[in-house]
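Accompanying notes for the structure given below.
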Amino acid sequence: MENKDSIRNRLLAHLPQPENLAAYREEVTSTLEKNEKELRREKWGTGILWFYVVLGLAIYAYQGDRWLNTSQGHFVEVFTSVFFLMALAVNTKHFVNRSRVEILKEVKQVQLQVLELQASIEKSGER
């Protein structure tokens with residue numbers, strides 16, 4: 001139980017304050033840009049992997065009857081099957097990461113709006 005409380009306290013200690021709104025906004029923007037860049041790179045990797053899967057399936061479909069029972073035919077079949085499973089796993093990972101980044105964007109947007117409201121309330125209270 002103490003471990004959970006210490007994690008909670010550490011997280012609450014890192015909450016941004018309305019006075020640091022501009023710096024926090026820049027930090028959020030840079031983090032989101034970094035996440036978008038990683039998602040683009042991941043998307044390219046997934047696309048290349050799917051290209052290899054489609055290429056393997058095309059080779060197998062074209063040459064299937066001729067060398068289905070040969071060692072080369074089995075190699076292409078196993079190669080394509082393994083790459084297909086890898087592509088499914090990488091694609092699932094990409095969709096999960098993309099959803100995570102979209103949720104992070106929404107949460108940070110709401111957090112920034114709350115901080116702006118807090119800052120405006122503090123300014124109106126000071127007057």
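Readers should treat all values here as calculations from the given coordinates under stated rules, not as data from a laboratory. Owing to the predicted nature of the structure, the values given are computational and were not obtained by experimental measurement. When we count neighbours, we look across all protein chains shown, and the Cβ atoms used for this are built from the backbone with ideal geometry, even at glycine.
Which value, in debye to the nearest 20, gives the size of the charge dipole of segment 30-126 about its Cα centre, when Lys and Arg are +1 and Asp and Glu are -1 at the Cβ? Please list the in-between numbers first.
Details: 12 positive and 11 negative charges, 45 e Å.
So the magnitude is around 220 debye.
Residue by residue through segment 107-112, what is 3J(HN,Hα) from phi via Karplus (6.51 cos²θ - 1.76 cosθ + 1.60, θ = phi - 60°)? Round to whole Hz and write x for glycine and proline.
In residue order, the calculated couplings are 5, 5, 5, 5, 4, 5 Hz.
Counting other Cβ atoms within 10 Å of each Cβ, which chymotrypsin sites (Phe, Trp or Tyr not before Pro) in segment 26-67 have at most 14 and sit in a DSSP loop? Intermediate results must be reported in sequence, preceding the final value.
Details: sites: W44, W50, F51, Y52, Y60, Y62, W67; in loops: none.
For chymotrypsin sites (Phe, Trp or Tyr not before Pro) across segment 26-67 that sit outside H, G, I, E and B with at most 14 neighbouring Cβ atoms in 10 Å, the list is empty.
Give the cross-link partners of K34 among the lysines, using a straight C-alpha distance below 27 Å as the criterion and excluding same-chain residues fewer than 8 apart.
K34 reaches K43, K93, K105, K108.
Please report the net charge: other residues with Cβ closer than 14 Å to the Cβ of L49, K and R +1, D and E -1.
Details: positive: R41, K43, K93; negative: E42.
Net of charged neighbours comes to +2.
Within a Cβ distance under 13 Å of L39, other residues only, what is the Lys/Arg minus Asp/Glu net charge?
Value of the local net charge: +4.
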